[in-house]
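Data first, discussion second: the structure below is written as structure tokens.
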Amino acid sequence: MTALSPALLAQLQSRRPLLWLNPRLGQHLPASAPATALIAAAEARLAHFEPLMATLFAELASSKGHVESQLMSAAALRGALGGDDAAAGAWFVKRDDQLPVAGSIKARGGFHEVLAFAESVAIEHGILAAGGDPRVLATPPARALFSQYTVSVGSTGNLGLSIGVMAAALGFDAVVHMSADAKAWKKDRLRQRGVRVVEHAGDYAEAVAAGREQALASPRCHFVDDESSALLFFGYAAAARHLARQLADAGRVVDAAHPLFVYIPCGVGGAPGGITYGLKALFGEHVHCFFAEPVASPCMLVQLASGGDAPVPVYDIGLDNRTDADGLAVGQASHLVSPLMTSQLAGVFTVPDDQLYLHLLALKQSLDVEVEPSAAAGVGGPGWLRDSPEGRAYVRDHGLDLSAATQVIWLTGGSLVPPEELRRFQAHAETLSRSRPGAAQA
């Protein structure tokens, strides 16, 4: 069983939303923690391959292959959620829902891993010289080589899109293992891009396990393991320096007097963990990162709060991992990421599905931003700090001034969602809003 306190266990089992604060924040990273030099290596690899990206994808021609999202002012969202200008600081949303090609945060780590694998194969076979022109990977000889290899991944959808689209574009045999109940439109979109979709009974973890087992049987299959991949992790971490530049361009200082708060939806933990790792490497104690998880799937919260190294799935505490936030429907946190977050993550807050929809509606009405339910999970973060006893205690105990703070809500996916699905999300949200006036501010 777990070392969760009886009070925390009861609250998690009741599915009442909560803010959990990490008691080990600020302790030293484990001795095995990856060096921050690996973040710089990921940044350099992504920059080096920009000419190839511009060649492969027409939508990247205008940015010359640079994959990045807008940092958008969210003052209107702050007002819609009851934030006071003087007390709540400056709000922004990070628009990873609009990342080109893959349409989600998963583009960051997914593109990086596939590019790293392609680079290693091409160098091994003499097609690419180390540091050479990356556009050679789009030539017929490279594609003929890559067609002899498989790149596979287990995914609920968005990681599969990023891995599958990139791998297929380079000519790899691209395979995505998905649970049978994953969204049909995501499976269809993958197939339209030339990706093979293999469906499995069971949840995300079982799809990953099945994909991993099949990959091990083939010497020419590279399996992208969302639970333990350092290449994914540092691809996500590379986002930190881009965000730092955007904050500077917006005139936002990050230091002791001007803290930075970041709220990121969390599934298995790779993307939010990598971003947190990168931000902590840049800003140290001046950045405060919080994860947002569904009340049915708080796998990172359960793992960190248990205080041990043994895996603790949410099923062990009586939760069923069933949520409309399909990208966050993960029962067990990453065993690579969770040890790193024990000292870096400020806390985790949980979100019921109805609140996801209400915040999805608030984004649409205040900013004209449309996202999928899982991407709205972080919207309530500033409210937890402002309104809850736990949040106010965190601000007080760390000597923080919210009026001078920058608050960044990370939006993780939505631009590739079919219009009819977005309309369905909005209609459901509007029904909830009419039955629960004022609930979006919770």
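With (1) in a loop (DSSP other than H, G, I, E, B); (2) buried (at least 24 other Cβ atoms within 10 Å of the Cβ) as the list, and Gly83 as the residue in question, which single condition is left unmet?
Only one criterion is unmet by Gly83, namely (2).
Suppose the filter is surrounded by fewer than 21 Cβ atoms within 10 Å (Cβ to Cβ), in a helix (DSSP H, G or I), in contact (Cβ under 8 Å) with a residue 12 or more places away in the chain and of a type in the set (D, E, K, R); does Glu113 pass it?
On the way: surrounded by fewer than 21 Cβ atoms within 10 Å (Cβ to Cβ): no; in a helix (DSSP H, G or I): yes; in contact (Cβ under 8 Å) with a residue 12 or more places away in the chain: yes; of a type in the set (D, E, K, R): yes.
No; evaluated as a whole, the condition is false for this residue.
Restricting the first residue to the stretch 411-437 and requiring it to be surrounded by 16 or more Cβ atoms within 10 Å (Cβ to Cβ), which pairs with a second residue that is aromatic (Phe, Trp, Tyr) and assigned to a helix (DSSP H, G or I) meet a Cβ separation below 6 Å and a spacing of at least six or different chains?
His428/Tyr357; Ala429/Tyr357; Leu432/Tyr357
Only one of these conditions is not met by Ala310: (1) modelled with pLDDT under 95; (2) in contact with a helix residue (DSSP H, G or I) (Cβ under 9 Å, 6 or more places away or on another chain); (3) of a type in the set (Gly, Ala, Ser). Which number is it?
So Ala310 meets the others, but not (2).
If you go through the stretch 42-80 one residue at a time, how many are under 23 Å from the mean Cα position of the chain (by Cα), closer than 24 Å to Gly132 by Cα and in a loop (DSSP other than H, G, I, E, B)?
Qualifying residue count for the region: 7.
For the stretch 230-273, enumerate the residues that are surrounded by fewer than 24 Cβ atoms within 10 Å (Cβ to Cβ) and closer than 25 Å to Glu206 by Cα.
Ala230, Leu231
Is it true that Tyr204 is of a type in the set (Phe, Trp, Tyr) and over 23 Å from the mean Cα position of the chain (by Cα)? Steps first, answer last, please.
Values: of a type in the set (Phe, Trp, Tyr): yes; over 23 Å from the mean Cα position of the chain (by Cα): no.
When the stated conditions are applied, Tyr204 does not pass them.
Here are some conditions: (1) of a type in the set (A, V, I, L, M, F, W, C); (2) buried (at least 21 other Cβ atoms within 10 Å of the Cβ); (3) part of a loop (DSSP other than H, G, I, E, B). Met166 meets all but one. Which one does it not meet?
(3)
Inside the stretch 292-410, counting only helices (runs of 4 or more DSSP H) that do not spill past its ends, which hold 1 or more residues that are assigned by TED's automatic domain parsing to the domain that holds Gly273, of a type in the set (S, T, N, Q) and buried (at least 22 other Cβ atoms within 10 Å of the Cβ)?
On the way: elements: 299-306, 337-344, 353-367, 381-387, 389-397.
Result: 299-306, 337-344, 353-367.
Please specify each residue of the stretch 129-153 satisfying the condition of being aliphatic (A, V, I, L, M), farther than 24 Å from Ser218 by Cα and surrounded by 14 or more Cβ atoms within 10 Å (Cβ to Cβ). Explain how you work it out, then say what you get.
As a first pass, look at the stretch 129-153 and keep what is aliphatic (A, V, I, L, M): 129-130, 136-138, 142, 144-145, 151, 153.
Add one more test, that the residue is farther than 24 Å from Ser218 by Cα, and what stays is 129-130, 136, 138.
Listed by number, the residues that qualify are Val136, Ala138.
The values are calculated or read from the model by the stated rules, or taken from the named source; none is laboratory data. This structure is a prediction, so every number in the text was calculated from the model and none was measured. Positions of Cβ are backbone-derived with ideal geometry, glycine not excepted, and every protein chain shown enters the neighbour counts.
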